[in-house]
Amino acid sequence: MTRTDALTPTLEALRDHLLAHSVRRGSFVLKSGRTSEWFLDAKQTLCRPDGMLLVADAIAAVLPDDATAIGGLTMGADPVAFATAGVLAARGRAIKAFSVRKEVKDHGAGGRVAGALEGGDRVVITEDTVTRGTSVLEAAGVVRQVGAEPVLILTVVDRGGTCAAMAAEAGIPFAALLTAPDLGFEFGS
């Protein structure tokens, strides 16, 4: 899944921000156990005010018109979902945000969902970075258990190049704002 179209000015600015603040070079062990010469700590972009605005602008350009909520597995989805919902609300587009906990909460209301997600919502499942896609698919399963419908899996950066196929198998469209090749790296490297 190599990008064939040119980056928009917003995506160019987001790419430049990620390269300046989030990409580290060296020797890193990834969540998968593999080693890599680069690491993407996207939260270094997603938790800065200018980065939040860039991500929200980029997401607004691809957000389905019928989407009513955005969220995903905590922690990767949280800054993406909350910044997007806040920025878009200030601009007149109301979209709810939520997090999917990694395990069931055994006190209070319980469950795995925290935030504003209800049955019937049309949901964008998000994540800061995907390598394989297991986290977004886990979140999609929880969203479906609540009675909401995932309408798009949307990641800020697709590092691995395999998530699109996994999403298609699950019957959910996939989009990445940027890919590893957009940042100057090969998929899966």
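The values are calculated or read from the model by the stated rules, or taken from the named source; none is laboratory data. From a predicted model like this one, the values you see are computed outputs, not experimental measurements. All Cβ positions, even for glycine, are placed from backbone atoms using ideal geometry, and neighbour counts span all protein chains on display.
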| Out of (1) surrounded by fewer than 18 Cβ atoms within 10 Å (Cβ to Cβ); (2) in a strand (DSSP E or B), the odd one out for Ser36 is which? | (1)
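When you look at Val124, is it surrounded by 16 or more Cβ atoms within 10 Å (Cβ to Cβ) and in contact with a Ser or Thr (Cβ under 7 Å, 6 or more places away or on another chain), yes or no?
On the way: surrounded by 16 or more Cβ atoms within 10 Å (Cβ to Cβ): yes; in contact with a Ser or Thr (Cβ under 7 Å, 6 or more places away or on another chain): no.
No; evaluated as a whole, the condition is false for this residue.
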| field | Every residue from the range 137-178 that is under 24 Å from Leu19 (Cα atoms), modelled with pLDDT of 95 or more and out of contact with any Phe, Trp or Tyr (no Cβ under 7 Å at 6 or more places or on another chain) | value | Leu154, Thr155, Val156, Val157, Asp158, Phe174, Ala175, Ala176, Leu177, Leu178
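Confirm whether Ala81 is touching a helix residue (DSSP H, G or I) at 6+ places or on another chain (Cβ under 9 Å) and of a type in the set (Gly, Ala, Ser). Talk me through it step by step, then tell me what you get.
Details: touching a helix residue (DSSP H, G or I) at 6+ places or on another chain (Cβ under 9 Å): no; of a type in the set (Gly, Ala, Ser): yes.
Judged against the criteria, Ala81 is not a match.
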| query | Which residues, counting only those in the range 59-85, are among the acidic types (Asp, Glu) and closer than 19 Å to Arg122 by Cβ? | reply | Asp65, Asp66
| said: On the basis of being in contact with a Lys or Arg (Cβ under 9 Å, 6 or more places away or on another chain), of a type in the set (Lys, Arg) and surrounded by 12 or more Cβ atoms within 10 Å (Cβ to Cβ), does Arg48 make the cut? | reply: no
| message | Within the range 71-85, take every residue that is in contact with a strand residue (DSSP E or B) (Cβ under 8 Å, 6 or more places away or on another chain) and without any contact (Cβ under 8 Å) to a residue 40 or more places away in the chain and give me the one that is farthest from Glu103 (Cα to Cα). | response | Ala85
| said: Looking for something closer than 14 Å to Leu178 by Cα and under 13 Å from the mean Cα position of the chain (by Cα) - is there at least one such residue anywhere in the range 60-71? | reply: yes
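Among the candidates Val100, Val104, which residue alone is surrounded by 22 or more Cβ atoms within 10 Å (Cβ to Cβ), farther than 22 Å from Leu18 by Cα, in contact with a Lys or Arg (Cβ under 6 Å, 6 or more places away or on another chain) and of a type outside the set (Phe, Trp, Tyr)? Steps first, answer last, please.
Numbers: Val104 fails: surrounded by 22 or more Cβ atoms within 10 Å (Cβ to Cβ).
Answer to the check: Val100.
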| task | Please state which one of Ala61, Ala67 is surrounded by fewer than 18 Cβ atoms within 10 Å (Cβ to Cβ) and at pLDDT 95 or above. | result | Ala61
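Which one of these is at positive phi and out of contact with any helix residue (DSSP H, G or I) (no Cβ under 8 Å at 6 or more places or on another chain): Gly141, Gly120? Reasoning before the result, please.
On the way: Gly141 fails: at positive phi.
Exactly one of Gly141, Gly120 is at positive phi and out of contact with any helix residue (DSSP H, G or I) (no Cβ under 8 Å at 6 or more places or on another chain), namely Gly120.
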| Selected residue (criterion: nearest to Met52 (Cα to Cα)) from residues of the range 162-189 that are assigned to a loop (DSSP other than H, G, I, E, B) and of a type in the set (Gly, Ala, Ser) | Ala180
